[in-house]
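The values are calculated or read from the model by the stated rules, or taken from the named source; none is laboratory data. Because the structure is predicted, anything quoted here is derived from the model rather than measured. No Cβ is skipped: glycine too gets one built from the backbone with ideal geometry, and neighbour counts run over all protein chains shown.
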Amino acid sequence: MDAKASIGVFDSGYGGLTVFDKIQQVVPSYNYIYLGDNARAPYGSRSFELVYRFTLQAVERLFDEGCRLVILACNTASAKALRSIQQKDLPRIDPERRVLGVIRPTVEVLDGLSRSKHVGVLGTNGTISSGSYAMEIQHLFPQIQVTGEACPMWVPLVENGEAASPGADYFIRQHIERIFARDPLIDTLVLGCTHYPLLIPKIRRYLPEGVRLFPQGDRVAESLADYLRRHPEMDSRLGKDGRHRILTTESAEKFSRTASLFFPWTGRVEQITLA
Ligand code: DGL
């Protein structure tokens with residue numbers, strides 16, 4: 001048995017770094033491997049089949065690199081691939097390994113956050129059209145009314161380093177106005193995409209007063225800490241030397257440059273191929 005197993009953190013690109021950052025603050029002692037499939041990002045406009053195939057390849061690679069637990073720090077992958085991987089692939093690959101997503105932990109706290117019981121979810125086309133948030137919320141809190149808004153331009157803005165540019169305002173304002181026109185009673189707005197925290201300063205500019213913006217990083221990190229406490233059989237197999245690796249399918253040099261927007265990382269970045 002590998003006593004030094006790592007926790008894998010996967011995202012289609014840079015966005016998962018916003019979650020990884022919080023995870024490292026909340027549970028810092030573990031060994032982590034972050035994998036960004038930057039060469040094939042964004043996933044948000046891709047079909048179910050492709051997101052599933054790419055995500056499975058990434059999970060298998062993280063397992064090969066010594067991970068026993070993988071967090072899909074990507075809403076699109078959580079929405080489109082998590083269930084199939086958990087139900088179909090894990091039993092075949094290794095029933096003792098685990099893959100967890102970001103949607104369930106986010107949804108679990110919404111009833112406590114919303115007073116009006118009107119919640120908005122911003123996400124990629126893939127996440128919103130999958131209906132995953134609406135289904136999870138309906139299942140746990142049928143009293144909550146959910147409005148989803150796909151913001152297909154937001155991830156490309158972030159991936160291309162345009163999050164703070166004047167051009168970004170147009171697309172941000174458009175979707176914020178649209179979701180509040182559809183339900184003016186929304187008091188809690190979920191950033192259902194790990195890239196969106198980079199856009200918070202601009203989103204706030206167009207947000208109606210009193211609306212709570214809910215990015216997922218802290219919640220996902222707390223949920224992981226809770227999972228590790230409740231699963232000593234997993235926890236005992238995980239290495240706790242605080243070692244981190246970052247893998248990307250894009251150029252390592254390009255990743256290092258852009259990653260600094262998300263995350264204070266000075267270590268080496270390794271380029272890999274997934275297939
Ligand atoms: N960061 C991902 C998410 O949370 C999606 C980005 C993409 O479209 O690749 O949904």
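Return the residues of region 226-251 that are part of a helix (DSSP H, G or I) and surrounded by 14 or more Cβ atoms within 10 Å (Cβ to Cβ); say none if nothing qualifies. Steps first, answer last, please.
Keep residues of region 226-251 that are part of a helix (DSSP H, G or I), which gives 226-230, 232-235.
Answer for region 226-251, where residues must be part of a helix (DSSP H, G or I) and surrounded by 14 or more Cβ atoms within 10 Å (Cβ to Cβ): Tyr227, Leu228, Met234, Asp235.
Count of region 1-42 residues, restricted to those that are part of a loop (DSSP other than H, G, I, E, B), at pLDDT 95 or above and away from the ligand (no atom under 16 Å from the Cβ), is 5.
Please find, among Arg61, Arg98, Arg53, Arg46, the residue that is surrounded by fewer than 20 Cβ atoms within 10 Å (Cβ to Cβ) and either away from the ligand (no atom under 15 Å from the Cβ) or under 17 Å from the mean Cα position of the chain (by Cα) (or both). That would be Arg98, the only listed residue that is surrounded by fewer than 20 Cβ atoms within 10 Å (Cβ to Cβ) and either away from the ligand (no atom under 15 Å from the Cβ) or under 17 Å from the mean Cα position of the chain (by Cα) (or both). Residue-level analysis places Thr188 among those that are over 23 Å from Glu159 (Cα atoms) and under 20 Å from the mean Cα position of the chain (by Cα).
Every condition in (1) buried (at least 19 other Cβ atoms within 10 Å of the Cβ); (2) touching a residue at least 60 places away in the same chain (Cβ under 8 Å); (3) among the aliphatic types (A, V, I, L, M); (4) over 17 Å from Gly101 (Cα atoms) holds for Val146 except the one numbered (2).
When the residues of region 194-223 are narrowed to those that are within 16 Å of the ligand (Cβ to nearest atom) and hydrophobic (A, V, I, L, M, F, W, C), which ends up farthest from the chain's Cα centre (by Cα)? Talk me through it step by step, then tell me what you get.
In the first step, residues of region 194-223 are kept if they are within 16 Å of the ligand (Cβ to nearest atom); the result is 194-200, 203, 213-221, 223.
Next, from what is left, pick out any that are hydrophobic (A, V, I, L, M, F, W, C): 198-200, 203, 213-214, 220-221.
On the way: Leu198: 13, Leu199: 15, Ile200: 16, Ile203: 18, Leu213: 16, Phe214: 13, Val220: 9, Ala221: 11 Å.
Only one residue tops the list, namely Ile203.
Scanning region 74-84 for residues that are without any contact (Cβ under 8 Å) to a residue 40 or more places away in the chain and either part of a loop (DSSP other than H, G, I, E, B) or within 16 Å of the ligand (Cβ to nearest atom) (or both) turns up Ala81, Leu82, Arg83.
Can you tell me which residue is nearest to the chain's Cα centre (by Cα) among those in region 168-182 that are surrounded by fewer than 16 Cβ atoms within 10 Å (Cβ to Cβ) and within 15 Å of Gly148 (Cβ to Cβ)? Residue satisfying both the conditions and the ranking: Arg178. Condition first: assigned to a helix (DSSP H, G or I) and modelled with pLDDT of 95 or more. Can you find one or more residues in region 115-122 that meet it? For region 115-122, residues assigned to a helix (DSSP H, G or I) and modelled with pLDDT of 95 or more: absent.
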